1. Going through A176, A172 one at a time, which residue ends up being touching a helix residue (DSSP H, G or I) at 6+ places or on another chain (Cβ under 7 Å), at pLDDT below 60 and closer than 23 Å to T59 by Cα?
2. Just need a number here: residues in the stretch 62-88 that are open to solvent by less than 40 Å² (accessible area, probe 1.4 Å) and under 20 Å from the mean Cα position of the chain (by Cα).
3. Every residue in the stretch 90-106 that is surrounded by fewer than 18 Cβ atoms within 10 Å (Cβ to Cβ) and under 19 Å from the mean Cα position of the chain (by Cα), please.
4. Within the stretch 49-66, count every residue that is under 17 Å from S29 (Cβ atoms) and either β-branched (V, I, T) or modelled with pLDDT under 90 (or both).
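The values are calculated or read from the model by the stated rules, or taken from the named source; none is laboratory data. Predicted model, so just to flag it, every value in this text is computed and none were measured. Glycine gets a Cβ as well: all are built from the backbone with ideal geometry, and neighbour counts include every protein chain shown. Calculation scope for accessible area: heavy atoms of the full protein, side chains included, ligands and nucleic acids excluded. Shrake-Rupley method; radii C 1.70, N 1.55, O 1.52, S 1.80 Å.
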Amino acid sequence: MNKASVLAAMIAGGMSFGSLAAELTIPLSFEFIAVNGQEVKSNFFSHKDEIELEKGQHTIALVYKDLVEEPFGDGHQRVSSDPFLLHITIDSDGEYKVRPHEVIRDLDQAKAFAQKPVLNVTQENGQAVTYKVEMTSVKQETLFDTLNKGLSPEQEAKKKVIAATAPGAVVATGAAQPSVNMQGDDVTNPQMMLKYWWQQADEKTRKDFMSWAIQNM
């Protein structure tokens, strides 16, 4: 939302300057999962890159997903992290930007970041931001894990991530999820393609697919 839109909303709604919320933005390679114990709804075909936060302390669950060019050939590799938490203090209005601490230029950097995300959080006014990054032990479910176990492991994993963002939550640490390699003949391999698209889908899309898969088994 630009400054003109914010001002128009304030005038129309009678909002005071003191009640403005800050905006937290993320890059295309990040995805919001939950904020302060509340799930952030996402769409399979669109990317939610900003949320509004009131002043105070917040815990935000994120995941890193990127398709990175391989050093040799024309292939790309999908690199993903396990969910991680951003504990942040919002002390003023305006835009807060979340970015990797270093620009990710190659596959090695992407894998290292997925293992241990190091963030750079800045304010548009240049003031310092108080924040901390914490990994979780929640693993991302693959399609075939879910088919073998049913939907409950997937649902339980998501509940753990959401619960970890609630005030006072205790978080266990963990490692990152292995990446899915999509190159060469993989694009014609049904198992690899299913894994790839399953990782891109939101919960509703996964449930719709599971219903279709069970009916057609």
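1. A176
2. Start the filter on the stretch 62-88 by keeping residues that are open to solvent by less than 40 Å² (accessible area, probe 1.4 Å), which leaves 62-65, 68, 70, 75, 77-86, 88.
Next cut, under 20 Å from the mean Cα position of the chain (by Cα) only: 62-65, 68, 77-86, 88.
Count: 16.
3. E95, K97, R99, H101, E102, V103 - these are the residues of the stretch 90-106 that are surrounded by fewer than 18 Cβ atoms within 10 Å (Cβ to Cβ) and under 19 Å from the mean Cα position of the chain (by Cα).
4. Initial filter on the stretch 49-66 (under 17 Å from S29 (Cβ atoms)): 49-51, 60-66.
Next, only the ones that are either β-branched (V, I, T) or modelled with pLDDT under 90 (or both) stay: 51, 60, 63.
Adding up the residues that qualify gives 3.
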